[in-house]
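The values are calculated or read from the model by the stated rules, or taken from the named source; none is laboratory data. As the structure is a prediction and not an experimental result, all values here were calculated from the model. Cβ sites come from the backbone with ideal geometry, for glycine too, and all protein chains shown count toward neighbours.
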C-alpha cells in the first residue's frame, strides 16, 4: 500500500508532461557568455531604439541600468510614503488609546507625551516601511507573482538563472523584425539564439481570475475564514473570562448543595431565637388595643414632621379614611366604610392606640407595618391629631391662626 | 550586491576560481542529497534537546512557574537571561546582512544568508521566554493593543510593551529580508531540479522570478532600503531590551550605559555563535572555499573589537558606581565581583574580555581550532553576562532583610537546553532545505563576475519597468 503510494508519487514526480507551446512568438532570446558581451549587446539594442526588451542575468550586473537606459528604481517612494503612514498611525494609535478611548493614570504621568511614545512609533515606522518595500517591489514594480511567464520553464531561463547572460526582444516592440533582431544579436557575439513562444495560457483572453472554480474556491475560503475568525474572535474577546483566578474558589454559593452538612443544604438557618439587627418584632402583635397604653409618640411636633405625616397619610390612609379622616375615602362602596377619625372614641384615644392599629391592623384593616416605617407611623399620628383639632377648633385656636 | 569593484584590491572572496556552475553545485548540493550520518547524529541530539525542553515546558504549563528557581527577591532569572541571550545572538545576522552591506563589506555575502537564518531562529527561540515568563502564556494576546471586553489598552509608557513591538517588528523585518534574498536562489533551484514536485514548490516560492534586469533594479533598491531600515532597527531592539532593566530603579540596572553596552554585547555574542556554527558547517558541506579563513579572520576582528567595547562597559560601570558616590550602586558592583556569585562574574570577564585578546595575534585569528574554542567561550561568557546582570543585581538589593540566593531548578536547566535544541533543530532543517549561502550574491562578487566596461548612460527611453 505505502510502497504503491511512494511509487505513484515517484512516477508523478519524474513524468515529463510539459505542455506544448503555442505557435505565437513571444520574443527572440540571445545568450552570451561574458558580462562585457551582454553590456555591449544591451547598449546596442538600446541604441537601435528597441523598447520592449529586457536583459536576464544570474545576478545584478553593474552598469546594466545605464546600458539599458533605465531610470533609477522608484521603490523608495512607496517605502517613504508607507513609512510616514506607519509613523503617523502608530502615534495616532498611542494617543487615541492612552488619552482618548481609555485615559488611564499610570504613575501620575500625563496620558500622552511624546518621549515614551517614540520607541513604538519608531518600530511602527520600520514595520510599515519594510513591508511596503518588499511587497511594493515584488507586486507593484516587478508584477510578481507571475509563474506562467513565457520565459519560465525554458532552456533560456535555465541558462540565465545559472551562469549565462541573456537578452530578449519581445515581438510587441514596434521595430521587431525577426531577421534583423537575429542579425543584431549575432553581431554582438551571441552564442545561441532561441525563439520563445507563448504558452496557451498566456494567449487566452479569459483571465484565470474569472474561472468559476477559482472564484468558488476564493468565495468558499473567504466565507470559511470569515466564519472561523468571527467565531474565534467572538469567543476570545467576549466569552473568555479574562482574569478569573479569584473567581474560581473553594466556597459554597447560596442555594447550592453541600455534602458537608447533614441536610445537604449549603445555606445555614439562623439559631433559634436570633433577631436580625433592625428587625425587632412588635411586642403587642395580635393583642387588643387596650393593652398598649404604654406607647407614646417619640416625635416632636414640627412643620417637617407634620408635612411628612400628611404625605404618608395621603398615600396610605386616605384611600379609605378620606383626606380629612371622615371615613369617606376614594374606595367608598367597595370596602366596608371605616369609622371616622373624629368620633368620641378616636378623640379620646392615646397615640399608642393609633400606633397599634396601624402596626397590627384592626377588623378588616390590615397591618401597615411592611409599608410604613416606624417614624412615619408616628408622623401620621401627629397629622391625625392635627386633623382632629382642626375639626374641633376653639376660638383660641382661631385667634392663633390669625 | 551592487558593490563597486574598484575599491581596494583584496584577496578573492571565493577561493580556487570555481565556475558559476560549481557554485550552484556546491551550494545546492546539501538540499538535493540525502542527509549524511553526521547530520542525523546532530539532528538526533538537537531534537532530543528540543523534546527535553518541550517536556520542561509542559511541566511549567501544568504546575506553573513554581517549577523554576525564581523566587523573591530574584523574580527574573533563567527566563529573562535566555531571552536576552537569544535576542542578542540574532543581532549578528542583521549586522552582517544590513550594516556590513551599507559599509560595502563584500565578504559578508558568503555568510549573510546563514546569519540571517540564524537571526530568525534565535528570535523565535527568544520569543518563547517572555511569554512563558508571564506564567499564563495563554493570555499572551493581552500583550498587544487588541480590543477586549475590559475596554482597556496596554500601557504605552512601559518598556516591556516597547519590547513586544521591537521584537515582533525585528522578527518580521528579518524574515522579509531573508525571504526576499531567497527569491532569486529559489528561481535558480527551480530551473535546476528535475523533480516535478520540487519544481512546483520552488516555482511558487520564487514567485516566478525571471532574473530580469528591470526586476533586479527594483530588487536591489529594495534591498538597500531594507538594509537602511534594518540598521537602526537592530540597534533599537537591544536598546529597548536594555530599557527593561535601565528604566527600573534597581542598583546595577539603573544605568544610562545599558543601551550601547547591550548592543555591543549582542553583536559580540552573535558573532560568537555565527563563527561557532560556520566553522562546523563549512567543513561538513565542503564550503571551505566559499566561507574562507578570510571570513573567519574578519569575524574574529569584529569579535575583538566588540569584546573590548563590552570590556569598556564593565569597567565604566565600576567607575560610575564609585564616581556617583551612591553606596547602593557601589555595593552591587563589589558584590558582583567579590560576592557569592563572583565565580559567574569572573567567568564573564575572562570569556568576554580576557580570552578574546588572543585575537590580536594573526596566528590565533587564522587558526581554526583556537578560534572554535574562543568563540565557544564567548557564547558561554555572554550567557553569564546576562546571568550576572540579572541575578546579582536582584539577589541583594536595598533591604538586607530580603537578601537571598538564587539556584536554578532542573526545569530551568531543561528549558535552557531545550532552547539550544530548538535553535539547532531549526538550523539543521534549514541547512538541508534551503541554500545556506546566497547564490546570486556570491556570484556577483566573484572575480570576473562584473563587467569591466562601463557604458555611458543612455538617454532614458523606457521608464524602468514595463
> From the list A:156, A:122, which residue is in a helix (DSSP H, G or I) and within 8 Å of chain B (Cβ to nearest Cβ)?
Replying inline: A:122
> Considering the range A:41-51 alone, what residues qualify as being at the interface with chain B (Cβ under 7 Å from one of its Cβ atoms) and part of a loop (DSSP other than H, G, I, E, B)?
Replying inline: A:51
> Within the range B:217-231, restricting attention to residues that are at the interface with chain A (Cβ under 7 Å from one of its Cβ atoms) and under 22 Å from residue A:68 (Cβ atoms), which residue is nearest to the chain's Cα centre (by Cα)?
Replying inline: B:225
> Just checking, which of B:417, B:439 is more than 14 Å from every other protein chain (Cβ to nearest Cβ) and in contact (Cβ under 8 Å) with a residue 60 or more places away in the chain?
Replying inline: B:417
> Given B:104, B:113, B:108, which one is outside any helix (DSSP H, G or I) and under 25 Å from residue B:27 (Cα atoms)?
Replying inline: B:104
> Do you know which of the residues in the range A:125-152 that are more than 7 Å from chain B (Cβ to nearest Cβ) and buried (at least 20 other Cβ atoms within 10 Å of the Cβ) is nearest to residue B:200 (Cα to Cα)?
Replying inline: A:150
> Can you name the number of the only condition in (1) within 14 Å of chain A (Cβ to nearest Cβ); (2) surrounded by 15 or more Cβ atoms within 10 Å (Cβ to Cβ); (3) touching a residue at least 12 places away in the same chain (Cβ under 8 Å) that residue B:104 fails?
Replying inline: (2)
>> For the range A:105-119, which positions are at the interface with chain B (Cβ under 7 Å from one of its Cβ atoms) and loosely packed, with under 13 Cβ neighbours inside 10 Å?
In response: A:109
> Does at least one position in the range A:162-184 carry a residue that is touching a helix residue (DSSP H, G or I) at 6+ places or on another chain (Cβ under 7 Å), at pLDDT 85 or above, more than 14 Å from chain B (Cβ to nearest Cβ) and assigned to a helix (DSSP H, G or I)?
Replying inline: yes
> Can you tell me which residues in the range B:144-162 are touching a residue at least 60 places away in the same chain (Cβ under 8 Å) and more than 9 Å from every other protein chain (Cβ to nearest Cβ)?
Replying inline: B:160
>> Given the criteria under 38 Å from the mean Cα position of the chain (by Cα), assigned to a helix (DSSP H, G or I) and exposed (fewer than 10 other Cβ atoms within 10 Å of the Cβ), does residue A:238 qualify?
In response: yes
> Going by the conditions given, is residue A:55 at pLDDT 90 or above, within 11 Å of another protein chain (Cβ to nearest Cβ) and part of a strand (DSSP E or B)?
Replying inline: yes
